[in-house]
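Asks: Before anything else, here's the structure in question.
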Amino acid sequence: MSSITNNIPKSLAQTPLATESARSGLRVTLSNALIITRREVRDSLRDWRIMVPIFILTLVFPQLANTMTRIFTSFFEDNEGEDLLPALLPLMPMVVGFFPISVSLVIALETFVGEKERMSLEPLLSTPLTNTELYLGKSFAAMLPPLLASYSGMAIYMTGLILGKQQWHPEPMLILQIVAVTTIQALVMVTGAVVVSSQTTSTRAANLLASFIIIPMSMLVILEGVIMVQPHKRYLLWYIVIGMMVAVVLLVRMGARIFNREELLGRSLDQLNLRWAVRMVWEQFRGPVDGGFKLGRWYRQSVFPTIRDLRSASVVLLICITAAFIGGCAAAYKWQIPLDQFEANDETLLNNLQSWFELGQNNPGLILLAALQNIRVLLAATIFAIFTFGVMNLILVSVPFGMLGFILGQVVISSISPLPFIVAVIPHSIAEVPAIVLAGAAALRLGSIITRPPDDMTVGEAWLRALGDTLKIGIGIVLPLLLIAAVLEVLVTPKVVEFVLRL
């Protein structure tokens with residue numbers, strides 16, 4: 001029977017019956033998750049410590065915000081600043097909507113660890129529900145009451161603006177943007193908090209780790225406020241919504257994957273074992289070097305195999321770099337800069353290059369300065385990757401290539417020979433680009449490993465091993481390549497450009 005099943009063509013598996021089965025499975029998952037949701041929502045509605053803050057933030061805070069809006073409106077009108085009101089009025093609904101959903105963070109942090117402290121976790125985990133159903137049910141329960149309160153608070157506030165003295169009539173698209181941003185913020189905060197709750201053993205520890213959620217979200221709200229007061233840039237809010245949707249998918253996937261019932265029940269104390277962590281990083285950094293440590297053997301048995309493990313991350317990074325370069329070239333055609341009007345000739349360029357070459361020969365510190373600049377950027381990209389699942393790493397590494405494409409596009413549009421520009425980039429790029437790709441790929445893997453750790457490792461062990469690989473690649477490959485690139489950039493590139501200009 002199994003041989004017959006294996007011989008079925010894959011094309012036949014993509015049948016309406018298979019699609020209907022997948023839809024049925026999704027319905028069952030959501031139906032089972034809603035069982036947990038109903039139970040949790042009933043408990044939340046009976047808890048006055050949750051309902052009183054929600055009630056105050058829903059009914060009292062919008063009234064206070066309306067009062068403050070009237071004061072600011074009168075101030076702007078008295079000082080002839082009425083033109084600024086259409087840009088500032090949409091800002092407050094976002095603030096009014098954000099405060100109630102912050103309560104969802106508190107509820108979500110107690111989803112699992114609170115059950116454990118109340119001695120009700122074991123009966124819950126003994127139910128015939130999958131990890132995904134438990135995770136989704138808890139997430140929905142933590143999100144629904146605060147989110148409904150957020151919608152109600154925004155409706156009360158905007159009703160006061162529409163019917164009050166301001167007579168504000170917002171566009172439907174603006175209201176949709178505010179609702180979408182508020183909803184996706186609640187999703188990110190809840191899914192992240194549920195992950196934290198499932199990996200800690202006490203409410204105190206969960207509350208401390210919540211700072212890794214609330215601080216980035218607060219910074220994001222500030223950024224959204226800056227965008228909101230600029231009507232011509234409000235379209236950027238949709239990109240933020242898309243980015244946060246990706247974060248929600250990653251968090252849900254990570255939460256369902258790393259959720260372990262036995263570990264959650266068996267772990268009674270969070271321990272910080274620095275000695276074990278350092279040993280884990282060192283073992284991964286050193287690698288399986290047989291017969292004692294030798295540099296050549298270390299590269300052959302540890303460093304080069306790690307490079308092969310970065311193939312998938314390198315492909316993703318190369319796709320982003322290529323897209324950024326093409327996007328920069330396309331942007332050059334939209335925002336053209338007339339370079340041919342700048343007063344510069346080959347003789348001036350040759351003199352400048354000669355001065356730069358002599359300065360590099362007389363001051364070797366410029367080589368170190370050029371290398372440190374690249375090291376600083378890649379180190380910042382790696383740090384940001386840890387807190388953003390690798391997303392900010394992709395952006396920071398790709399932006400310089402977008403700028404490069406923009407400059408090349410301007411050169412071509414202005415009918416200037418691109419050859420000097422190309423040879424000004426190629427010599428040191430031979431070493432610099434591979435270094436950037438390897439460093440970016442290692443940082444991407446370091447940031448994203450927690451979303452899909454190997455089956456035989458915990459999240460902490462997988463991350464520590466990825467950190468060891470990142471240090472190994474950084475010290476063994478990236479750093480030497482950046483030093484070589486700095487030498488080429490300071491001592492070789494000016495001579496190559498000078499040679500091309502003299503042709």
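Asks: Taking N as the number of residues in the range 274-501, what value does Rg over Cα atoms divided by 2.2 N^0.38 Å take?
Replies: Relative to the 2.2 N^0.38 Å estimate, the range 274-501 comes out at 1.19.
Asks: Could you point to the residue in Val248, Phe61, Ser218 farthest towards the positive end of the range 24-265's charge dipole, with +1 and -1 charges on the Cβ of Lys/Arg and Asp/Glu respectively?
Replies: Projecting each Cα onto the dipole axis, the largest value belongs to Val248.
Asks: Based on the Cβ-Cβ distance of Arg286 and Thr322, what FRET efficiency does E = 1/(1 + (r/R0)^6) give at R0 = 45 Å, to the nearest 0.05?
Replies: Calculated transfer efficiency: 0.85.
Computed from the coordinates by the stated procedures, all read-outs in this text should not be read as laboratory data. Note that this is a predicted model, so its numbers are computed, not measured. A quick note on method: Cβ atoms are made from the backbone with ideal geometry, for glycine too, and the neighbour counts reach across all protein chains shown.
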